[in-house]
Amino acid sequence: MNPPKNLKPYKVYAIEKGTVIDHIPARKALKVIEILRANEAGDSIVTLGINMTSKKMGHKDVVKIENKELTDAELNKIALIAPDAKISKIKNFKVVEKMHVVVPDTFKNIGTCPNPLCVTRNQKVGATFYIIYKHPLKLKCHYCERVFAGDEVVL
Amino acid sequence: MVTGGFKGRSIISIADFSREDIEYVLAIAKRLEGMKKKSGLLRDRIMATLFFEPSTRTRLSFESAMESLGGKVIGFADPNVSSYKKGESLYDTVRMVEQYCDVIVMRHFVEGAPRLAAESTTKPVLNAGDGANQHPSQTLLDLYTIQKTQGKLKGVKVAFVGDLKYGRTVHSLTIALSHFSPTFFFVSPPSLRIPSYYLEDLRQKKIPYKECEDVMEVMRQVDILYMTRIQQERFPDPADYEKVKNVYILKKEMLANAKVNMKILHPLPRVNEISTDVDTTPYAYYFQQAGNGIPIRQALLALVLGALK
């Protein structure tokens, strides 16, 4: 059945104030919610769209979080999962600012090295990763020197 | 690392070395090998060996190198006697040991431990192997051996044979040789192929390579045949091991068509992957290769302690 003409397809619940994270790789939205701890957001509404059709990406996920502004550290974390994400800041139901995730050259104290034999898993020292490739995102651990995909780096 | 700036530096990973750095260390090693009066170079200097994992050959080689330059050696070879067992952090161990010595040589089963150690102290730390990660003095002695036997490093054709998936020496030597326009042949069973990340890196650097399963396919072409041990415990099914184990044993008759300059290297210990009848052929060079560890380790110690420039 075709949707009624006045209904914008895939339009998820509009928020008055908060953040929309668009162009998340398909089926990674739950990971984004997890790293932002958006599931612990108290009374705020969190909506997510999974496997939505995208001209650019084929399929994509979208996350909207009410009453939430992203910090720089959170933007860095999102870069690991969704290096091409577009972030929109919403006020009074309108987009007031659009940002692209910028993948930094180094991730410091973000995430955990997936290698259980890495010194960061055995001693009190935070993980540091260097970007090897941006597309697809590949990171090298500063200590054990192993290379991982962005979403492998446990957060 | 900047060449000439080795004094006080830690030697943690071959990936930190530029082409010039490598050439510089090899030149110093050559100089030391030909030097007659070197027994006073590191007089009154103390090297601490912290071996959290046993390794007789690497430890003896470092100790021999230090003593031959007039230095002294302290340390432990068995982590069971160290305070690590009592729960002391690596940071605390290093901060304590640095009070007693001028240079620290560390082997650790935890990957990245020597880098963390180097960040914890102002004394230079030499990585003598950290798990499956790095063993830079081994890589440098491999390069020194190739240069010595081939008269050059540039443009050599190297075949790596055996366990290329877990073989630390193979990965490090691939990275290091990439500075010198090599051609690589990776000879392994399908389950022990070199990780795709290394191949991606070679493609980016436009370095020619070929993967195959039979060493005889490349025997006529190679300058260096780098053998590694295939460990049975890498195979979940013992039947899979039985299938491949004999294919990767090098025997004398297989060398009939080898180039005259070809040399066989092996990081040792060997189990059965090079038949003992190969030892007496002019191609066998693995024992001399181990011997090259001395001038390389002498060079590293002399450089980081500022005794040579």
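What number of residues within region B:113-141 are open to solvent by 10 Å² or more (accessible area, probe 1.4 Å) and at the interface with another protein chain (Cβ under 9 Å from one of its Cβ atoms)?
Count: 6.
When B:Tyr226 is evaluated against the numbered criteria (1) over 30 Å from B:Leu69 (Cβ atoms); (2) in contact with a helix residue (DSSP H, G or I) (Cβ under 8 Å, 6 or more places away or on another chain), which criterion, by number, is the only one it fails?
Tallying (1) over 30 Å from B:Leu69 (Cβ atoms); (2) in contact with a helix residue (DSSP H, G or I) (Cβ under 8 Å, 6 or more places away or on another chain), B:Tyr226 fails exactly one: (1).
Between a residue in region A:108-129 that is among the aromatic types (Phe, Trp, Tyr) and any residue that is surrounded by fewer than 19 Cβ atoms within 10 Å (Cβ to Cβ), which pairs come within a Cβ distance under 9 Å, given they are 6 or more apart or on different chains?
So the pair list comes out as A:Phe129/A:Thr106; A:Phe129/A:Lys108; A:Phe129/A:Lys140.
Table: residues versus (1) away from chain B (no Cβ under 11 Å); (2) under 29 Å from B:Asp92 (Cα atoms).
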| residue | (1), (2) |
| --- | --- |
| A:Lys108 | yes, yes |
| A:Thr112 | yes, yes |
| A:Asn122 | no, yes |
| A:Val125 | no, yes |
| A:Ile131 | yes, no |
| A:Arg146 | no, yes |
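Among what's in region A:133-144 and is within 13 Å of chain B (Cβ to nearest Cβ) and assigned to a loop (DSSP other than H, G, I, E, B), pick the residue that is modelled with the lowest pLDDT. Talk me through it step by step, then tell me what you get.
Initially, region A:133-144 is screened for residues within 13 Å of chain B (Cβ to nearest Cβ), giving A:133, A:135-136, A:138-144.
Now restrict to residues that are assigned to a loop (DSSP other than H, G, I, E, B): A:135-136, A:142-144.
Details: A:His135: 80, A:Pro136: 83, A:His142: 97, A:Tyr143: 98, A:Cys144: 96.
Residue satisfying both the conditions and the ranking: A:His135.
Go over the candidates B:Glu33, B:Glu53, B:Glu20 one by one and state the one that is open to solvent by 60 Å² or more (accessible area, probe 1.4 Å), among the acidic types (Asp, Glu) and either touching a helix residue (DSSP H, G or I) at 6+ places or on another chain (Cβ under 6 Å) or within 14 Å of chain A (Cβ to nearest Cβ) (or both). Spell out the reasoning first.
Details: B:Glu53 fails: open to solvent by 60 Å² or more (accessible area, probe 1.4 Å); B:Glu20 fails: either touching a helix residue (DSSP H, G or I) at 6+ places or on another chain (Cβ under 6 Å) or within 14 Å of chain A (Cβ to nearest Cβ) (or both).
Every option except B:Glu33 fails the conditions.
Being in contact with a strand residue (DSSP E or B) (Cβ under 8 Å, 6 or more places away or on another chain), assigned to a loop (DSSP other than H, G, I, E, B) and either of a type in the set (Ser, Thr, Tyr) or in the same structural domain as A:Lys68 (by TED's automatic domain parsing) (or both): is that true of A:Tyr130 here? Write out each step before concluding.
Numbers: in contact with a strand residue (DSSP E or B) (Cβ under 8 Å, 6 or more places away or on another chain): yes; assigned to a loop (DSSP other than H, G, I, E, B): no; either of a type in the set (Ser, Thr, Tyr) or in the same structural domain as A:Lys68 (by TED's automatic domain parsing) (or both): yes.
Criteria not met by A:Tyr130.
The values are calculated or read from the model by the stated rules, or taken from the named source; none is laboratory data. These numbers come from a predicted model, not from an experiment. FYI the Cβ positions are ideal-geometry reconstructions off the backbone, even for glycines, and counts take in every protein chain you see. Note: areas computed on protein heavy atoms with side chains; ligands, DNA, RNA excluded. Shrake-Rupley method; radii C 1.70, N 1.55, O 1.52, S 1.80 Å.
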